[in-house]
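Novice: Got a structure for you, questions after.
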Amino acid sequence: MKIAALYIDAQVADRPDTRRICRRLGVPTQTVASADDVYADVAAAEDPIGSGKQVLFLTRNKGAFLKECPGTRHYTCCGYRILHIGSYCTMDCSYCILQAYFHPPVLQYYINHEDMASELDRCLSEPGIQRIGTGEFTDSLIWEPWTDLSRTLALRFARQDRAVLELKTKTVNINGLLDIGHRRKTILAWSLNTERVIRSEERGTASLNARLRAAAQGAQAGYPIAFHFDPVVITDGCEEDYRQVVERLFAAVPPEQIVWISLGAFRFMPDLKPVIQRRFPDSRIVYGEFIVGLDGKARYFKPLRMQVLQSLAQAILSRAPQTCVYLCMEDDEVWRYALGFTPAERGGLARMLDEAAARIGGLGSGPRRR
Amino acid sequence: MASDGGLTENCTRLIPLADIDPGDDRFRITTRRSDDLHLSVQRLGLLAAPLVLDGADGFIVVSGFRRVEACRRLGWGSIPVRVLRAPTTMYACAIKAVGENSLERPLNLIETSRALHVLDQHAPEGSIPPEDAAALGLPTHAGLAAKLKPLCRMPEEVQAAVLENAVSFAMACEIGPLEEGAAVAFARLFRRLKTSLNKQREIVTLVSEIACREGRYSRDVLSEAGLLRVQDAEDLDHNQKTQRIRRLLRQRRFPALAAAEDRFHALRQRLKLGENLQLAPPRDFEGTRFTLTLNFERLEEVGRLRAQLDELVDHPDFKTLLTGKGRGFAGASVP
């Protein structure tokens, strides 16, 4: 969706970054004293969730820039740290949890980068390997047309040897990153799905071909590459569809350049279901065989998840046995069935990923921070 | 109340019954038909004259539909009526129509809906002044009124189900907005099953989700042979029919889960646990821990349970139960 209006928090109105974004966007601008003014405008729209994607609010992040991945104790979490650069997204995926996560959801971008830089400096000086990403509360690269943030971050991570930055996206906005000295400390990651799911559920995202072409470009530029099959959507014939995506993935990117591939079956908070039913009446994604998981989220009936995740993992590992494949938010039973081992048998998921990051990104070793 | 009593002051006249338009129901609030009112009119006479409006093509009943129908049934040629004097606003007529019902007796849900609807249609500024609604004893809460208004425009069978209490107000609000065929099919089903709101909700959700998943109409799902057979089964009572229909729908909506449950129950039955030993799986087979419950009162019972537990540990079906969960106790297949 295109940005139609820009709201500027009065506290950041005079910042150079703010002025630059205003110039680049070239849309009507309004300075507001409080976020409530923006929320009120968005909440008054007929479809606040869609409307929130068309206004950009430039403001300060008053909280922490670095947060822990919000995993739950019942399922194994990757132990990722989130760099909170902004929130929400201009693309419109039916299954996106951000639709139900913010009330109302508004596209926000944080301008106080000096606070972010000092928080990052502190974090990067801690011992041990760290994996940090910007793609949890937003898509990492939707901001590229108006900001240079990813480039700045990639250059910052290039100046150290203890952490990797993962930029996770469904866009192809990597041009600003191709010509910089990243020193393999930035991972370019794409969320992948079948053509069918992309067509029916991922409005406004780049096509599968385009994502894989961008991944190939990133790989040629020397970046470590990652892929996330998340959400895996279980439908008739989905296993074959996912196998075909795997074939195309390896046709685009050599296995030795892939740092990890995650697999996560579609799961959602109960609040999201009526949102999807209302906003995407043609979507059938919530009519799968879902049960209530131990974390209260709807999840596919376990044997179905196990079968599809195993099939997908096998497709990947038969092509690239050395690739670090992991499951997102699954328990040991699913791990053992799908991958043949549990994370604990390999020192834990965080350690598996740290080692993959160290191997592909050339990080220095050391005890983990956690 | 936005009273224009001066304008609407009426006079009683005797008019030919044929001059009253029998097809004009615009002010009808009552859901009752004449039934045996004609018998009381025959014996006691017409105690209160109906209220009519002198329209261009004859008289329009504003209040007293049942009385007019009773008189017709008795073959009367004329009827005493109170005639609203022109010019009378339609809103004033609506207020009279509602007030002569709502101030005399409690209105049922459909009548309340009709009352709100007729007032809403003619309200001077597009919505009923809350003071008028309050004075007429109608709900003043905007949210409740908004939910009530569409009831009287729902298909006749849905309204009939509401009047019979076979479908609650809450359920009517859920099925009302569905395509007409589905709303009627649900109403028809619930009139036959006479089941609770929760079970109705479960049935509506299951049918709607099966329909959405398969790109079909809910009414087509409800007309599937298996469901119709249960509905028509003469040897089953309401509760048994409801239970079987819920089961059938659940099997359609959650085929792998329902099959796993069936296989689990079959395996558990083979263990012959008896009434003092219960084995429960993790909810929806998602977690990893099973639960065994022992019931006992005396020491000898504990001894027997211990022996039973020893047998259980060696039972091959017990091992299958503990190890086969991830496969739905069989080769669970992707739908």
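The values are calculated or read from the model by the stated rules, or taken from the named source; none is laboratory data. Every value quoted in this text rests on a predicted model; they were computed, and no experiment measured them. Using ideal geometry, Cβ is built from the backbone for each residue, glycine included, and neighbour counts are taken over all protein chains shown. Calculation scope for accessible area: heavy atoms of the full protein, side chains included, ligands and nucleic acids excluded. Shrake-Rupley method; radii C 1.70, N 1.55, O 1.52, S 1.80 Å.
Novice: Residue check, A:Arg60 against (1) open to solvent by 60 Å² or more (accessible area, probe 1.4 Å); (2) under 30 Å from B:Glu286 (Cβ atoms); (3) touching a strand residue (DSSP E or B) at 6+ places or on another chain (Cβ under 7 Å), all met but one. Which one?
Specialist: (2)
Novice: Further, regarding this structure: Which strands (runs of 3 or more DSSP E) does the range B:35-91 wholly contain that include 1 or more residues that are among the aliphatic types (A, V, I, L, M) and over 25 Å from B:Asp120 (Cβ atoms)? Talk me through it step by step, then tell me what you get.
Specialist: Working: elements: B:51-55, B:58-63, B:78-84.
It comes to B:78-84.
This table checks each residue for (1) surrounded by fewer than 17 Cβ atoms within 10 Å (Cβ to Cβ); (2) over 15 Å from B:Ala97 (Cβ atoms).
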| residue | (1), (2) |
| --- | --- |
| B:Ser40 | yes, yes |
| B:Gly55 | yes, no |
| B:Phe59 | no, no |
| B:Gly64 | no, no |
| B:Arg67 | no, no |
| B:Arg73 | yes, yes |
| B:Gly77 | yes, yes |
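Novice: From the residues in the range A:101-128 that are in contact with a helix residue (DSSP H, G or I) (Cβ under 6 Å, 6 or more places away or on another chain) and modelled with pLDDT of 90 or more, which one is nearest to A:Asp271 (Cα to Cα)?
Specialist: A:Val106
Novice: Sticking with this one: If a residue has to be more than 14 Å from chain B (Cβ to nearest Cβ), part of a loop (DSSP other than H, G, I, E, B) and either in contact with a Pro (Cβ under 7 Å, 6 or more places away or on another chain) or of a type in the set (Ser, Thr, Tyr) (or both) to count, how many in the range A:323-342 make the cut?
Specialist: Count: 1.
Novice: Hey, does the range B:174-188 have a residue that's open to solvent by 30 Å² or more (accessible area, probe 1.4 Å), in contact with a Phe, Trp or Tyr (Cβ under 7 Å, 6 or more places away or on another chain) and not small (Gly, Ala, Ser)?
Specialist: Narrowing the range B:174-188 to residues open to solvent by 30 Å² or more (accessible area, probe 1.4 Å): B:174, B:177-180, B:188.
Next, only the ones that are in contact with a Phe, Trp or Tyr (Cβ under 7 Å, 6 or more places away or on another chain) stay: B:179.
Going one step further and asking which of them are not small (Gly, Ala, Ser), we end up with B:179.
Looking for residues that are open to solvent by 30 Å² or more (accessible area, probe 1.4 Å), in contact with a Phe, Trp or Tyr (Cβ under 7 Å, 6 or more places away or on another chain) and not small (Gly, Ala, Ser), one finds at least one in the range B:174-188, hence yes.
Novice: To continue, here is another question. Residues to consider are A:Phe57, A:Phe157; find the one that is out of contact with any Ser or Thr (no Cβ under 7 Å at 6 or more places or on another chain), of a type in the set (A, V, I, L, M, F, W, C) and outside any loop (DSSP other than H, G, I, E, B).
Specialist: Working: A:Phe157 fails: out of contact with any Ser or Thr (no Cβ under 7 Å at 6 or more places or on another chain).
Residue meeting the stated conditions: A:Phe57.
Novice: Has the range A:175-193 got at least one residue that is charged (D, E, K, R) and outside any loop (DSSP other than H, G, I, E, B)?
Specialist: Going residue by residue through the range A:175-193, those that are charged (D, E, K, R) are A:179, A:183-185.
Within this subset, residues satisfying the condition of being outside any loop (DSSP other than H, G, I, E, B) are none.
So far as the range A:175-193 goes, no, none of its residues is charged (D, E, K, R) and outside any loop (DSSP other than H, G, I, E, B).
Novice: Another question about this same structure. Just to be sure, is A:Gly293 among the small types (Gly, Ala, Ser), buried (at least 18 other Cβ atoms within 10 Å of the Cβ) and under 21 Å from A:Ser200 (Cβ atoms)?
Specialist: On the way: among the small types (Gly, Ala, Ser): yes; buried (at least 18 other Cβ atoms within 10 Å of the Cβ): yes; under 21 Å from A:Ser200 (Cβ atoms): no.
Spelling it out, it is not the case that A:Gly293 is among the small types (Gly, Ala, Ser), buried (at least 18 other Cβ atoms within 10 Å of the Cβ) and under 21 Å from A:Ser200 (Cβ atoms).
Novice: For the structure I just gave you, tell me whether B:Lys194 is basic (Lys, Arg) and closer than 16 Å to B:Leu249 by Cα.
Specialist: Criteria not met by B:Lys194.
Novice: Would you say A:Asp271 is open to solvent by 20 Å² or more (accessible area, probe 1.4 Å), more than 30 Å from A:Gly218 (Cα to Cα) and within 10 Å of chain B (Cβ to nearest Cβ)?
Specialist: Working: open to solvent by 20 Å² or more (accessible area, probe 1.4 Å): yes; more than 30 Å from A:Gly218 (Cα to Cα): yes; within 10 Å of chain B (Cβ to nearest Cβ): no.
In short, no.
Novice: Another question, then. Applying the selection to the range A:173-200, what residues are of a type in the set (D, E, K, R) and either crowded, with 23+ Cβ neighbours inside 10 Å or closer than 22 Å to A:Ala357 by Cα (or both)? Steps first, please.
Specialist: First, the residues of the range A:173-200 that are of a type in the set (D, E, K, R): A:179, A:183-185, A:195-196, A:199.
Listed by number, the residues that qualify are A:Asp179, A:Arg183, A:Arg184, A:Lys185.
Novice: Answer with yes or no whether A:Arg278 is open to solvent by 50 Å² or more (accessible area, probe 1.4 Å) and either more than 11 Å from chain B (Cβ to nearest Cβ) or at pLDDT below 95 (or both).
Specialist: Values: open to solvent by 50 Å² or more (accessible area, probe 1.4 Å): yes; either more than 11 Å from chain B (Cβ to nearest Cβ) or at pLDDT below 95 (or both): yes.
Here the answer is yes, as A:Arg278 does meet what is asked.
Novice: Right, another one. For the range B:68-96, name all the residues that are of a type in the set (Gly, Ala, Ser) and within 21 Å of B:Ala142 (Cα to Cα).
Specialist: Step one: filter the range B:68-96 for residues of a type in the set (Gly, Ala, Ser), giving B:70, B:75, B:77-78, B:86, B:92, B:94.
The one that is of a type in the set (Gly, Ala, Ser) and within 21 Å of B:Ala142 (Cα to Cα): B:Ala94.
Novice: A further question on this structure: Could you list, in sequence order, the residues of the range A:79-108 that are over 27 Å from A:Ala350 (Cα atoms) and either of a type in the set (A, V, I, L, M, F, W, C) or assigned to a strand (DSSP E or B) (or both)? Outline the logic, then answer.
Specialist: Going through the range A:79-108, the residues over 27 Å from A:Ala350 (Cα atoms) turn out to be A:89-94, A:99-100, A:102-108.
Result: A:Cys89, A:Met91, A:Asp92, A:Cys93, A:Ala100, A:Phe102, A:Val106, A:Leu107, A:Gln108.
Novice: Return the pair list, or none, for Cβ contacts closer than 8 Å from residues in the range A:354-370 that are in a loop (DSSP other than H, G, I, E, B) to residues that are modelled with pLDDT under 85, at least 6 apart or on different chains.
Specialist: A:Arg370/A:Gly79
Novice: For the range A:115-123, state whether one or more residues are open to solvent by less than 30 Å² (accessible area, probe 1.4 Å) and without any contact (Cβ under 8 Å) to a residue 40 or more places away in the chain. I'd like the intermediate steps shown before the answer.
Specialist: Quick first cut of the range A:115-123, residues open to solvent by less than 30 Å² (accessible area, probe 1.4 Å) only: A:116, A:120, A:123.
Still in the list and also without any contact (Cβ under 8 Å) to a residue 40 or more places away in the chain: none.
Looking for residues that are open to solvent by less than 30 Å² (accessible area, probe 1.4 Å) and without any contact (Cβ under 8 Å) to a residue 40 or more places away in the chain, one finds none in the range A:115-123, hence no.
Novice: Still on this structure, I have one more. Can you name every residue in the range A:226-256 that is under 21 Å from A:Ser140 (Cβ atoms) and within 11 Å of another protein chain (Cβ to nearest Cβ)? Give the derivation first.
Specialist: We begin by selecting, within the range A:226-256, every residue under 21 Å from A:Ser140 (Cβ atoms); these are A:226-232, A:245, A:249, A:252-253.
Selection gives nothing.
Novice: Let me ask something else. Of the numbered conditions (1) over 30 Å from A:Ser200 (Cβ atoms); (2) without any contact (Cβ under 8 Å) to a residue 60 or more places away in the chain; (3) not basic (Lys, Arg), B:Phe264 satisfies every one except a single condition; which is it?
Specialist: (2)
Novice: At pLDDT 95 or above, open to solvent by 50 Å² or more (accessible area, probe 1.4 Å) and not acidic (Asp, Glu): is that true of A:Arg305 in this structure?
Specialist: So A:Arg305 fails the test.
Novice: From (1) within 23 Å of A:Gln11 (Cβ to Cβ); (2) among the small types (Gly, Ala, Ser); (3) in a loop (DSSP other than H, G, I, E, B), pick out the condition that doesn't hold for A:Ala40.
Specialist: For A:Ala40, the failing item is (3).
Novice: If a residue must be more than 7 Å from chain B (Cβ to nearest Cβ), within 30 Å of A:Ala252 (Cα to Cα) and touching a residue at least 12 places away in the same chain (Cβ under 8 Å), how many such residues does the range A:292-316 contain?
Specialist: Matching residues across the range A:292-316 total 8.
Novice: For A:Thr76, are the conditions met, namely being closer than 30 Å to A:Ala344 by Cα and touching a helix residue (DSSP H, G or I) at 6+ places or on another chain (Cβ under 8 Å)? Lay out the reasoning, then the answer.
Specialist: Working: closer than 30 Å to A:Ala344 by Cα: yes; touching a helix residue (DSSP H, G or I) at 6+ places or on another chain (Cβ under 8 Å): yes.
Here the answer is yes, as A:Thr76 does meet what is asked.
Novice: Just for the range B:202-248: of the residues that are within 14 Å of chain A (Cβ to nearest Cβ) and under 18 Å from B:Val167 (Cβ atoms), which one is most open to solvent (accessible area, probe 1.4 Å)?
Specialist: B:Thr205
This table checks each residue for (1) under 27 Å from B:Gly328 (Cβ atoms); (2) of a type in the set (Val, Ile, Thr); (3) touching a residue at least 24 places away in the same chain (Cβ under 8 Å).
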| site | (1), (2), (3) |
| --- | --- |
| B:Thr195 | no, yes, yes |
| B:Gln200 | no, no, yes |
| B:Glu209 | yes, no, yes |
| B:Asp237 | no, no, no |
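Novice: Also, quick follow-up: Of all the residues that make up the range A:220-244, how many are open to solvent by less than 10 Å² (accessible area, probe 1.4 Å) and closer than 19 Å to A:Phe157 by Cβ?
Specialist: 4
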